[in-house]
Structures are given as C-alpha cells and as structure tokens.
Amino acid sequence: MTKKLRLGILASGNGTDLQSIIDASEGGLIDADIVVVVSDRKDAFALKRAKTHNIEGFFVNPKEKDEMDKEIDDVLTKNNVDLVVGAGYMRILSGDFVKKWYGKLINIHPALLPSFKGTNGQGDAFDYGVKITGCTTHFIDEKTDHGPIILQAAIKVMPGDNRDTLAQRILKVEHQVLPRTIQLYAEGRLKIEGRKVKILPGDSWLKEQENNSWVLYSEGY
Ligand code: GAR
C-alpha cells in the first residue's frame, strides 16, 4: 500500500467541509489521513468533530498575523503534514506562511473564482443576482482567493433561493469537490504551471458518486 498523505486542516466554523474529508478518509475514498485540525476559534464545532474522531485539535489564539501563523506552522511541521487544507478558514494567511507551504496549501471557496472573493462568497453572489455560482478549489498564493484553480463546480441559482438555501446547496457540492481535490493531490496528479493547474490523466469520480443534474463539474472531477 502506498503511504497515506498526512493532512493538516484549518477550519474556523461548523466544519462540514472537514467532516467530508473525515468521512472520505474513514471510508477509504481518499488516500489521506487528517493528523491535525487547527482553528482560530476555541468554540469551533470543527474542533469537536476532530475530537469525536480522535484527531488532534489545536486552538490558535488570534494575535498578530505573523506570530499566529508561526504557531500554526510549528504545529503542522511537528505533525509532519504533507498537505494543508483551508476548509472554512476565515483568516488571511501571512506571506511567510504561504511562501513556505506554496504547492502544499489548498483552499475551498464558495463561489466561482475570481468572482466573489472574501468571507461571504455565497451571499455576495446571491445579492449580485448571478444565475450561476458554485465552488472552487485552488492552491493558495500570496493574494487572497487568487492562486491557481484546481477544480470548480457550477450550480444554478433557483427562483426560490435565499442566501442560505443557496449556501447549503453549494456546501453539498463542496463536500464532493474538496475530497476529490485531496485525492488528486494524493495521486500526484496536480501540476502547477504558472497560473494553471494541469490535471494528469487518471480515474474520475463522476460515475461513482451521485451525479447531480444541477451541477456542472470541471474536468478532473
Ligand atoms: C464553506 O462554504 C467554505 O467554502 C467557506 O466557509 C464554509 C465553511 O463551512 N469558506 C470561505 O468562505 C473561505 N473564504 P463549514 O464550516 O461547514 O465547513
């Protein structure tokens, strides 16, 4: 058996994205184990999820950005993390941290980047009146929500939607796209070429998972 990828997850909130990775890992869908969950919120439900699944949880007390990220870096390094995943982490990482982890640091965003960056991608897209939105996984670089895009999924905004029904539908798809992205990384199939990410040939999850007709998955899913 090949060596499993060691994941460090950064999460600020409820942690359903984290849960999707836990489920995929425990269910053998991805060749990766979560070794530590880091949160900037002591009461984050994500930390409770970690505890329930016997995963080390680490609360990093918010303070000056460089100092805070140094602490996070220490925890990740101590745990021999191979890939760091932003799963609902609501802070901007410091330049030094991003430089050190570049290529091993990914994020999921609840909109089709480069539209609707920031901490309310779903709400901003909804308020703008878009008819199609979605989610994006990308490598993190030094600019916010800017790094090379890995996968995207497009989702229709329905007539009866409000911000929250839309956010829930996006989340459902995030829970497919995020583990899929991690598995592509684990298989060594992601090659960064400047702004682009080349996805090397291999299997697809399209047939194996529920394929929702209201979702358009990018190549590589
Ligand atoms: C997810 O929708 C994720 O894409 C978003 O936060 C939510 C976390 O949900 N992330 C961002 O907005 C990052 N800018 P969760 O706590 O249930 O996983």
Name the residue, out of Gly202, Gly160, Gly129, whose mean-square fluctuation peaks in a Gaussian network model built on the chain with Cα pairs under 10 Å.
-> Gly160
So who's got an amide H within less than 5 Å of the one on Val197, skipping anything under 5 residues away but keeping other chains? H placed 1.01 Å off N, in plane.
-> Ile149
Check each of the GluC sites (Glu not before Pro) in the range 176-213 and keep only those in coil by DSSP with at most 10 other C-beta atoms within 10 angstrom; list them in order.
-> Glu208, Glu210
Between Ile199 and Ser115, what is the spin-label point distance in nm, taking each point 7 Å from the Cα along the Cα→C-beta axis?
-> 2.0 nm
Using only the Cα atoms, work out Rg/Rh for the range 33-140, with Rh taken as the Kirkwood radius, to two decimals.
-> 1.00
DSSP beta bridge pairing in the chain, given as percent antiparallel to the nearest 5 | 50 percent
Using just the alpha carbons, could you tell me how many Å³ per residue the convex hull of the range 141-192 encloses?
-> 95 Å³
Span per principal axis, largest first, for the Cα atoms of the chain (Å) = 47, 40, 38
Could you work out the local net charge near Lys117, counting Lys and Arg as +1, Asp and Glu as -1, over the other residues with Cβ closer than 10 Å to its Cβ?
-> -1
Could you list which residues have their amide H under 5 Å from that of Met90, counting only those 5 or more apart in sequence or on another chain, with H placed in the peptide plane?
-> Ser12
3J(HN,Hα) from dihedral phi, the range 96-104, Karplus parametrisation 6.51/-1.76/1.60, rounded to Hz, x for glycine, proline | 5, 4, 5, 4, 5, 9, 3, x, 10
Select from the range 1-103 those GluC sites (Glu not before Pro) which occupy a DSSP coil region and have at most 13 other Cβ atoms within 10 Å, ordered by residue number.
-> Glu64
Amide H to amide H, which residues 5 or more places from Gly103 or on other chains are under 5 Å from it, using H placed in the peptide plane?
-> Ile140
Please work out the Cα center distance from the range 140-190 to the range 58-125, rounded to the nearest Å.
-> 15 Å
Note down the relative contact order for the range 101-221 as a percent, whole number, built from C-alpha pairs under 8 angstrom at least six residues apart.
-> 24 percent
Can you put Ser213, Ser12, Ser25 in order of Cβ neighbours within 10 angstrom, beginning with the fewest?
-> Ser213, Ser12, Ser25
Would you please classify the overall shape of the range 13-57 from the alpha carbon gyration tensor, given that a ≥ b ≥ c denote the square roots of the eigenvalues, rounded means a/c under 1.5, and beyond that prolate means a/b larger than b/c while oblate covers the rest?
-> prolate
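FYI, it's all coordinate maths here, none of it is from the lab. What you are looking at is a predicted structure, and each value in this text was computed from that prediction instead of being measured. Quick reminder, even Gly has a Cβ in these numbers, built from the backbone with ideal geometry, and neighbours come from all protein chains shown.
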